[in-house]
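The values are calculated or read from the model by the stated rules, or taken from the named source; none is laboratory data. On a predicted model such as this, the values are computed, not experimentally measured, just so you know. Reconstructed Cβ throughout: ideal geometry from the backbone, glycine too, with neighbour counts over all protein chains shown.
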Amino acid sequence: MARMPIICHEQCTGCGVCIAVCAPHILVLRNNIVSFIEEPQECNYCAQCEAVCSTGAILCPYEIVTASTAKYTEHAPNL
């Protein structure tokens with residue numbers, strides 16, 4: 001399953017800024033309060049929605065994987 005932004009509905013003010021910057025146009029407002037991801041498969045995980053959210057209602061967590069912590073080291077470059 002692809003990574004998806006995490007939306008905290010309690011923190012969302014419904015300002016719509018995240019919707020304006022969403023390139024795939026998959027964020028929508030329901031009841032003028034909460035933003036939802038309408039077509040999750042279209043999300044490119046660019047994190048622009050997180051960057052513009054002034055209340056911190058959207059999180060796009062990521063994991064940094066290095067060669068020493070990678071699960072499959074056969075694809076890691078020789079260091």
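Quick one: would you say residue 65 is at pLDDT below 95 and either of a type in the set (Lys, Arg) or in a loop (DSSP other than H, G, I, E, B) (or both)?
So residue 65 fits the description; yes.
Only a single criterion out of (1) at pLDDT below 95; (2) outside any helix (DSSP H, G or I) is not satisfied by residue 19, namely (2). Summed over the stretch 15-27, residues that are surrounded by 15 or more Cβ atoms within 10 Å (Cβ to Cβ) and farther than 20 Å from residue 45 by Cβ total 1. For the stretch 4-57, how many residues are touching a strand residue (DSSP E or B) at 6+ places or on another chain (Cβ under 9 Å) and either on the phi > 0 side of the Ramachandran plot or of a type in the set (S, T, N, Q) (or both)? Result for the stretch 4-57: 5. Of everything in the stretch 28-37, what is in contact (Cβ under 8 Å) with a residue 12 or more places away in the chain and either surrounded by 13 or more Cβ atoms within 10 Å (Cβ to Cβ) or part of a helix (DSSP H, G or I) (or both)? Give them in sequence order. Hits for the stretch 28-37 are 29, 34, 35, 36, 37.
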